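The values are calculated or read from the model by the stated rules, or taken from the named source; none is laboratory data. Worth saying up front: this structure is predicted, and the values here are computed from it rather than measured. Cβ atoms come from the backbone with ideal geometry, glycine included; neighbour counts cover every protein chain shown. Please note that ligands, DNA and RNA were not included when accessible areas were found on the heavy atoms of the full protein model with its side chains. Shrake-Rupley method; radii C 1.70, N 1.55, O 1.52, S 1.80 Å.
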Amino acid sequence: MGWASGIVGVIAAAVLAGGLAACGTPGASAHLPAAPPASVAAVPVRVQSNVVGWSGMAQRPQRIYVGMGGAPIVRQLFWRDWGGPRAWADGKLDIYWPQPGPISGWHPTTYTVRVRLQDILAHDGQRSYRKMADFYVNRRGVTKVLNFTFAVLPGGSMPGWNLPGPDMPSGGKSAGLA
């Protein structure tokens, strides 16, 4: 009996010591912070890839249309650093130029492009990038930048991608396309 009660005593002491060690004294042990509940998960950052409005926001889109008709399009986008203060992508930029002559219309010139998204804002709890810059080298070898802001123009009711200018809330000028 002495041997059995000794084992039980050792086990009880180990359980008690383990319990006390788990409680610890302030600063005596390091605990990882508790993970937030699933309902508090961060809202992903998105961007408008389909011209206008708050619907159709996407993460890491393959294309971003900034307008209709002959507006520039960035496509075949490969994204890096998505969700941070700036998101970067490499891809193709199609700029549509009017084509005079017997077969008139708009025909694209394609450039290699680096796209930067930045300035995260929230609308109805949805975080999205508000500014886009498209960096490319034109046919003359000159580096160009197209700047766009996703905003509602004065007198408007829906946001869209706009070239900065005197009517934009933030003001400023945009680089030329040539």
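Observations on the structure shown:
- Test: residue in region 103-116 that is at pLDDT 95 or above and of a type in the set (Lys, Arg): yes
- Complete set of residues in region 47-77 that are aromatic (Phe, Trp, Tyr) and in a strand (DSSP E or B): Tyr65
- Selection status of Gly91, open to solvent by less than 80 Å² (accessible area, probe 1.4 Å) and outside any strand (DSSP E or B): no
- Filtered residues of region 120-143 (kept if without any contact (Cβ under 8 Å) to a residue 24 or more places away in the chain and touching a strand residue (DSSP E or B) at 6+ places or on another chain (Cβ under 7 Å)): Leu121, Arg130, Lys131, Ala133, Phe135, Thr143
- Answer residue from region 125-140, given it is of a type in the set (D, E, K, R) and within 18 Å of Val66 (Cα to Cα) and is least open to solvent (accessible area, probe 1.4 Å) among those: Asp134
- Residue match in region 72-85 (condition: at pLDDT 85 or above, open to solvent by less than 30 Å² (accessible area, probe 1.4 Å) and within 15 Å of Gly160 (Cα to Cα)): yes
- Some residue of region 62-69 being open to solvent by 30 Å² or more (accessible area, probe 1.4 Å) and hydrophobic (A, V, I, L, M, F, W, C): yes
- Flag for Ala122 being of a type in the set (Gly, Ala, Ser) and open to solvent by 50 Å² or more (accessible area, probe 1.4 Å): yes
- Residue selected from region 94-119 under the condition open to solvent by less than 30 Å² (accessible area, probe 1.4 Å) and within 16 Å of Arg60 (Cα to Cα), by the criterion nearest to the chain's Cα centre (by Cα): Leu117
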